[in-house]
1. Among the residues of the range 683-708 satisfying the criterion of being surrounded by 21 or more Cβ atoms within 10 Å (Cβ to Cβ) and not in a loop (DSSP other than H, G, I, E, B), which is nearest to ligand 1 (Cβ to nearest atom)?
2. In the set 49, 95, 42, which member is assigned to a helix (DSSP H, G or I), within 20 Å of residue 295 (Cβ to Cβ), free of Cβ contacts under 8 Å to residues at least 40 places away in the same chain and touching a helix residue (DSSP H, G or I) at 6+ places or on another chain (Cβ under 9 Å)?
3. Please work out which residue is nearest to residue 413 (Cα to Cα), limiting yourself to the range 647-669 and to residues that are within 16 Å of ligand 1 (Cβ to nearest atom) and touching a strand residue (DSSP E or B) at 6+ places or on another chain (Cβ under 6 Å).
4. Being out of contact with any helix residue (DSSP H, G or I) (no Cβ under 7 Å at 6 or more places or on another chain) and over 21 Å from residue 749 (Cα atoms) is the filter here; which residues of the range 701-724 pass it?
5. For the range 405-445, how many residues are within 16 Å of ligand 2 (Cβ to nearest atom) and in a loop (DSSP other than H, G, I, E, B)?
6. Would you point out the residue of the range 591-635, among those that are within 16 Å of ligand 2 (Cβ to nearest atom) and under 23 Å from residue 413 (Cβ atoms), that is surrounded by the fewest Cβ atoms within 10 Å (Cβ to Cβ)?
7. What number goes with the only condition from (1) buried (at least 17 other Cβ atoms within 10 Å of the Cβ); (2) more than 16 Å from ligand 2 (Cβ to nearest atom); (3) outside any helix (DSSP H, G or I) that residue 720 does not pass?
8. Return the residues of the range 249-271 that are touching a helix residue (DSSP H, G or I) at 6+ places or on another chain (Cβ under 7 Å), part of a loop (DSSP other than H, G, I, E, B) and in contact (Cβ under 8 Å) with a residue 40 or more places away in the chain; say none if nothing qualifies.
Ligand code: GLN
Ligand code: ZN
């Protein structure tokens, strides 16, 4: 019998119940008991859903109050000193303090939160474990065992999920004196031993050990450590399933297949080429779990196609085959049934976590009981979905495809090289040395949000809304003029979000009401979904930007989101390559760039905040990505005259390994986030002899702190030591939408003063 299981279920709840409860608890509106009750109910509900869907084993340990990596840190007793109370075990309060920091008060000192970073190539963020050379581990947190008891009491067959020791260490960051993280492994493993013993005593048979780093380029000592660690863990009770996901095992395939454990899970959605290779490498006693339902996207699975692979595997493996989603469903929205406003056809193409567990179960049933009416009906339905998608005119638009097919290399090439363009631009723009500008957004005040909401709800009519936004634009322009900034922006008051705003105006995108996915802690995002060929029915920003330009004699910069960022922050199609989707987006946004130019806008910024985060997990795949991403940007930017200046913006730091591609994007000006690195991030640009103009951020916009002008001037001096001053612009690190007006004005005033000071010095 093939067994159906799941690697993890979203914890937030179909109505974001967990988010709401956690935030209410933080505010003091509900008690800890009440919060715990919400958690218990959600877990019970999620297990029940998965059981009813037909899964044979349900995951436990996928629930977390904030983040699963943080839960592990607590489990191992890894609580940084600034949060620890001597001799006391950590509490829920400790957990939230580690996640969010503690504000200094009259009684106690403050403590900054643990660092947060992206979980592999997802948009989920985890709290980075802090590793010190003298770290001791001890089992300090009972949550996993309690939840196992809870699930058992409810009559479920459970499979606890833990992050493997190597992956947890890999994700940690060395603090204090430098040392090799791997030195901690020997001390950490006994805690895993204790965990497994406790679980075995509770009656657990299988444990899932997540080791996604097996899909990365691993140094040799880490590979060796895998063998050492699992040889030791082999002695502990429980059957162990090592789970890998997000990329292929490649050179680690032999290592992973040979680990002395009882089963291996592979992500066949991301890395289908691992099958059937794995069959010849897998020892004859091992379970193989095949991840065939995409845990990272929202589309229905092509059951028949997947079933063919599974049937082949079943012939070879018999009962040793398990069926699963590719990865934890943490990265999927919760339940499609809640979508009451999607049209039926679009809805029939989609599957969220609940539907994905049903798909997994039906695939296992199709192996075990192929003739059952339920299986036949599901396969028939899947066939219809695939057919309707393959042929739907809502997806496939000949005009878009024809336009794409007609693109030539010239289309992604400005007319003249930068050296010539910049002369024309300087002449036309007539800016001083160290020109000042901002990244686009100004404070999104309560009034702005209220107006947008009222418009959405129909309480403001179009004319009233337009008037409200124009008033905001006027205000932003007046402020910028008073500050004596050189290149102004309209302030982005009309934008809810830099991707959604454009997605809503493009054809080929759909929006859900409840498609929330956890981003970090209580924060959730609701990505737009690209379902069909992308086109732009009409101009998206021209009216606002042209209005803004009319309000001032200064230069107004147009503001757009680039194709790569649009793609990275949406759920993409699966029936078209990412490259082609980026090209379609590029052509649509290119039209907007040209329209802005026609409307008299002399500078146009195309934000690519997600450019670097699109990098694949494996180095060997980087260049292919960088090539198409760069090409898509150039295609967007190259429809304009030489004298029109194209800016781009990337919040991202760390440009060393991608600097050649950044240069190949050939934006006339790039603004980046550099203030917290003391301009060290410019080293990459310096050693590359980066030729185009660059605006290194001179102050951090993530905090309300207002640095004085001398501090910013010093940063500019550092920049000027690294790059010719003619190339330098002056701007904040990023957009100002999360800040308040008083601090914004004060900081920009200091920034302009610093620029003027520098002009005197050079
Ligand atoms: N133009 C955008 C803004 O200022 C850029 C935001 C971003 O890069 N994250 O808000
Ligand atoms: Zn930014």
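1. 697
2. Selected residue: 42, the only one of 49, 95, 42 that is assigned to a helix (DSSP H, G or I), within 20 Å of residue 295 (Cβ to Cβ), free of Cβ contacts under 8 Å to residues at least 40 places away in the same chain and touching a helix residue (DSSP H, G or I) at 6+ places or on another chain (Cβ under 9 Å).
3. 667
4. Listed by number, the residues that qualify are 721, 724.
5. Residues that pass the stated criteria total 7.
6. 614
7. Failing condition for residue 720: (3).
8. Listed by number, the residues that qualify are 261, 268.
The values are calculated or read from the model by the stated rules, or taken from the named source; none is laboratory data. Please read these numbers as outputs of a predicted model, since none were measured by experiment. Ideal geometry is used to build each Cβ from the backbone, glycine not excepted, and the neighbour counts take in all protein chains shown.
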